[in-house]
Each structure stands twice: as structure tokens, then as C-alpha cells.
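Enquirer: Here's a structure for you.
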């Protein structure tokens with residue numbers, strides 16, 4: 001009557017959702033993508049992490065792709081790092097590629113992974129006004 005779906009392929013677009021009303025104390029280790037709308041105190045290792053505007057991480061992040069529109073207090077190690085307009089980040093940022101939208105607030109060290117001679121201390125508030133950059 002019921003058929004097993006164990007042979008069904010897993011979609012690479014599947015993502016775990018940590019909802020806005022959820023708080024987690026502890027580390028997360030996943031080979032999938034994670035969408036964070038709630039709060040995590042602990043380190044996160046995953047394939048892709050999206051921190052929504054309501055999301056908050058207190059801990060280190062390691063992922064191929066990290067998109068931040070919320071708050072991160074801790075180091076980020078990513079292949080591709082995107083800081084959106086509401087991002088508020090405090091920590092060391094290691095990346096291959098970085099994108100920073102106007103309005104993102106960043107305090108810490110920027111360390112490109114490829115050919116980085118030394119890290120630069122930066123305390124910045126990105127705006128649309130080139131005079132402040």
C-alpha cells in the first residue's frame with residue numbers, strides 16, 4: 001500500500017530551517033544548506049548558510065557560501081561571503097570572494113584566502129555614499 005521513497009534523489013536545494021522562535025545552544029554540523037531566522041550560540045559548519053535579518057549567530061561559521069542579513073559575532077570562513085544591507089558582523093572574515101551591500105556594518109579583520117599577505121583591521125559602516133568609504 002505504501003511505497004518506500006528511499007530511492008528518491010535528494011535535492012541539493014533542500015535546506016534546514018531554524019525558525020525565528022527557535023534558540024539553539026550548541027554546535028551545528030551539516031552537509032546541507034541552513035536558513036537561520038532564529039538564534040544560535042555555537043559554531044556552524046555547513047555547505048551554505050543564510051542568516052536572515054532576524055537571525056543571530058554567536059560563534060564561528062564555516063561554509064562554502066555564507067549570506068548574512070542578520071547579526072554574527074564570531075569568525076566567518078567562506079568561499080563566497082555576501083553581507084547584505086542589514087548585516088551586522090563582528091569578527092575575522094576569511095573568504096575567496098566577498099560582496100558587501102550598502103548599509104552592512106562590519107567590524108573586524110578581512111583576510112582573503114588566496115594570496116593574502118596580511119589581514120587589514122577594518123571598522124566600517126558601508127553606505128551608498130562613496131565619501132565615507
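Enquirer: Residues to consider are 45, 94; find the one that is modelled with pLDDT of 95 or more and under 18 Å from residue 106 (Cβ atoms). Explain how you work it out, then say what you get.
Expert: Working: 45 fails: under 18 Å from residue 106 (Cβ atoms).
Every option except 94 fails the conditions.
Enquirer: Of the residues that make up region 17-28, is at least one at pLDDT 95 or above, crowded, with 16+ Cβ neighbours inside 10 Å, part of a loop (DSSP other than H, G, I, E, B) and at negative phi?
Expert: Within region 17-28, none of the residues are at pLDDT 95 or above, crowded, with 16+ Cβ neighbours inside 10 Å, part of a loop (DSSP other than H, G, I, E, B) and at negative phi.
Enquirer: Being surrounded by fewer than 24 Cβ atoms within 10 Å (Cβ to Cβ) and under 14 Å from residue 43 (Cα atoms) is the filter here; which residues of region 72-89 pass it?
Expert: Of everything in region 72-89, those that are surrounded by fewer than 24 Cβ atoms within 10 Å (Cβ to Cβ) and under 14 Å from residue 43 (Cα atoms) turn out to be 73, 74, 75, 77, 78.
The values are calculated or read from the model by the stated rules, or taken from the named source; none is laboratory data. Note that the structure is a prediction, hence the values are computed from the model and not measured. Positions of Cβ are backbone-derived with ideal geometry, glycine not excepted, and every protein chain shown enters the neighbour counts.
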